[in-house]
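What follows is a set of notes on a single structure, which appears directly below.
The values are calculated or read from the model by the stated rules, or taken from the named source; none is laboratory data. Keep in mind the model is a prediction, meaning the values are calculated, not measured. Note: ideal-geometry Cβ built from the backbone for every residue, glycine included; neighbour counts use all protein chains shown.
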Amino acid sequence: MRPNGTEASAETTRYHVQAATSDDLAALVQMQMALQESMGGVGANMLHLGRRSTVRLVDHYQRQIADDQTRVLVACDVPSAEVVAMGSGRIWVHAEYVPARSGELVDIWVDPDHRRRGLAGRIARRLVRFFRARRVEFLSVNYVSSNAAAEALWKGIGFHPTLITATAERRTVEAFAGMETQRIVPVGYRAAMGDEQVRASLNLLG
Ligand SMILES: CC(C)(COP(=O)(O)OP(=O)(O)OC[C@H]1O[C@@H](n2cnc3c(N)ncnc32)[C@H](O)[C@@H]1OP(=O)(O)O)[C@@H](O)C(=O)NCCC(=O)NCCS
């Protein structure tokens, strides 16, 4: 999105941003895998999809596309007819909290060859319209703190970082905290022990 909210018209006509359909499943899976890969690239120590989970991505996106509380968008490059970007908006209901509903922007990805042409901004605006139509007032997005492009994108449209998720390997914390590190009892060995012994081992390890 340009700072004044306008888009370059040539770029606007070159790309179509539209709701994803089952025809886009393969492209969505590929982009999700590229997104996961890029998270490694920004040097983040964080949870990410295991290799075996990628086979379930087709089901995942099929459900997301059919879900009334989610909007999955793709951007198509008209000249090549290729899907080159994606982004989703998901409505969460959490009745115990205020506000009771929130909107999350997730899985925003633009193919490297098509970046800095306003696509992420266009996708974000379409998702905001989806949230507005559902009267969702509170929005959030997660991004890795070292991801300068994401930070600039989100700050540029009014998001302010409020929560920090800090991550560490347990062994690193143990070392810093001056804790004695203990060898973990292998699961097979634990299973072979009686209940009493298992509890004792867990206490020792905990
Ligand atoms: C972050 C990402 C989605 C941006 O997509 P994009 O289509 O290039 O973004 P836009 O062209 O809409 O840029 C909008 C604004 O974001 C900021 N921005 C985007 N990329 C930037 C970069 N590499 N460096 C600095 N600012 C950047 C700029 O302010 C830009 O406005 P401008 O071009 O008028 O200066 C894209 O780089 C990407 O897919 N990265 C890998 C996946 C990822 O990080 N996703 C976000 C996770 S929340």
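Here L163 does not fit the description of being within 13 Å of the ligand (Cβ to nearest atom) and of a type in the set (A, V, I, L, M, F, W, C).
Of the set (1) touching a residue at least 60 places away in the same chain (Cβ under 8 Å); (2) under 15 Å from the mean Cα position of the chain (by Cα); (3) within 8 Å of the ligand (Cβ to nearest atom), all apply to G121 but (2). All of (1) within 10 Å of the ligand (Cβ to nearest atom); (2) at pLDDT 95 or above; (3) in contact with a His (Cβ under 8 Å, 6 or more places away or on another chain); (4) not small (G, A, S) hold for R101 with one exception: (1). Taken over the range 153-171, the criterion of being within 25 Å of V93 (Cα to Cα) and surrounded by 14 or more Cβ atoms within 10 Å (Cβ to Cβ) is satisfied by W154, I157, F159. Taking the criterion of being more than 7 Å from the ligand (Cβ to nearest atom) and under 22 Å from W92 (Cβ atoms), the residues of the range 134-152 that qualify are R134, R135, V136, E137, F138, L139, S140, V144. Please pick out the residue among S146, S140 that is in the same structural domain as A19 (by TED's automatic domain parsing), touching a residue at least 40 places away in the same chain (Cβ under 8 Å) and more than 19 Å from V17 (Cβ to Cβ). Exactly one of S146, S140 is in the same structural domain as A19 (by TED's automatic domain parsing), touching a residue at least 40 places away in the same chain (Cβ under 8 Å) and more than 19 Å from V17 (Cβ to Cβ), namely S146. State yes or no: is V106 in contact with a helix residue (DSSP H, G or I) (Cβ under 7 Å, 6 or more places away or on another chain) and either β-branched (V, I, T) or outside the structural domain of A133 (by TED's automatic domain parsing) (or both)? Spelling it out, it is not the case that V106 is in contact with a helix residue (DSSP H, G or I) (Cβ under 7 Å, 6 or more places away or on another chain) and either β-branched (V, I, T) or outside the structural domain of A133 (by TED's automatic domain parsing) (or both).
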